[in-house]
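Trainee: Sharing a structure, written as structure tokens. Questions coming.
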Amino acid sequence: SLSLALLIVVWESATPHTALLGRIPGSGVYRNIKQYPDAELVPGIMAVRIDAPIYFANATALREKLKHYELNANKWSRLTKGIPLQYVLLDLTPVT
């Protein structure tokens, strides 16, 4: 069980949780769109929160997640409002 626990810690540290953030209507608060279905994406802006420290073991996984988010956000922004993705905001408050 110790080796399984160690494997889980290594896996979670190498693939940190990220969240795409949307604005709660009527406020300036941004929250995870999966946890807050009312949160609205803002055309032309992609806000992402990274919930773990960034270091060499997870840098590649984070880069790939951010590229995936960027492609989808740009496609969504162009289709809904005709505005290309212009800004990427990273919320790094959980990062130590």
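Trainee: Of the residues 13, 77, 27, which exhibits the maximal mean-square fluctuation in a Gaussian network model of the chain defined by a 10 Å Cα contact cut-off?
Mentor: 27
Trainee: Under a point spin-label approximation (7 Å from Cα along Cα-to-Cβ), what is the residue 11-residue 90 distance to one decimal in nm?
Mentor: 2.6
Trainee: Through the Karplus equation 6.51 cos²θ - 1.76 cosθ + 1.60, θ set to phi - 60°, convert the phi angles of segment 40-57 into ³J(HN,Hα) values in whole Hz; use x for Gly and Pro.
Mentor: Karplus-based 3J(HN,Hα) across segment 40-57 equals 10, 6, 9, x, x, 10, 10, 10, 10, 10, 9, 9, 7, x, 9, 8, 4, 6 Hz.
Trainee: Could you work out how much longer the chain between residue 24 and residue 81 gets when fully extended? Use 0.36 nm per residue separation minus the Cα distance between them, nm to one decimal.
Mentor: Value of the extension gain: 18.6 nm.
Trainee: For 80, 15, 93, give the ranking by accessible area with the largest first, probe 1.4 Å.
Mentor: Result, largest first: 93, 80, 15.
Trainee: Once the convex hull of the alpha carbons of segment 44-96 is built, what does its volume come to per residue, in cubic angstrom?
Mentor: 64
Trainee: Under the Karplus relation 6.51 cos²θ - 1.76 cosθ + 1.60, θ = phi - 60°, what is the ordered set of whole-Hz ³J(HN,Hα) values for segment 69-85, x standing for Gly and Pro?
Mentor: Once θ is set to phi - 60°, the couplings for segment 69-85 become 4, 4, 4, 5, 5, 5, 4, 4, 4, 5, 6, 7, 10, x, 10, x, 5 Hz.
Trainee: Each residue of segment 3-14 in turn: what ³J(HN,Hα) in whole Hz from Karplus with 6.51, -1.76, 1.60 and θ = phi - 60°, glycine and Pro shown as x?
Mentor: Rounded to whole hertz, the list is 5, 5, 4, 5, 4, 5, 5, 5, 4, 5, 6, 7.
Trainee: Provide the percentage of antiparallel DSSP beta bridges, counting only those with both residues in the chain; round to the nearest 5.
Mentor: 60
Trainee: Between residue 47 and residues 5 or more places away or on another chain, which pairs have amide H atoms under 5 Å apart, with H built 1.01 Å from N, and which residues are they?
Mentor: HN-HN under 5 Å from residue 47: 21, 89.
The values are calculated or read from the model by the stated rules, or taken from the named source; none is laboratory data. Note that the coordinates shown come from a computational prediction; the quantities given were computed from them, not determined experimentally. Ideal geometry is used to build each Cβ from the backbone, glycine not excepted, and the neighbour counts take in all protein chains shown. Protein only, heavy atoms only, side chains kept; ligands, DNA and RNA dropped before computing areas. Shrake-Rupley method; radii C 1.70, N 1.55, O 1.52, S 1.80 Å.
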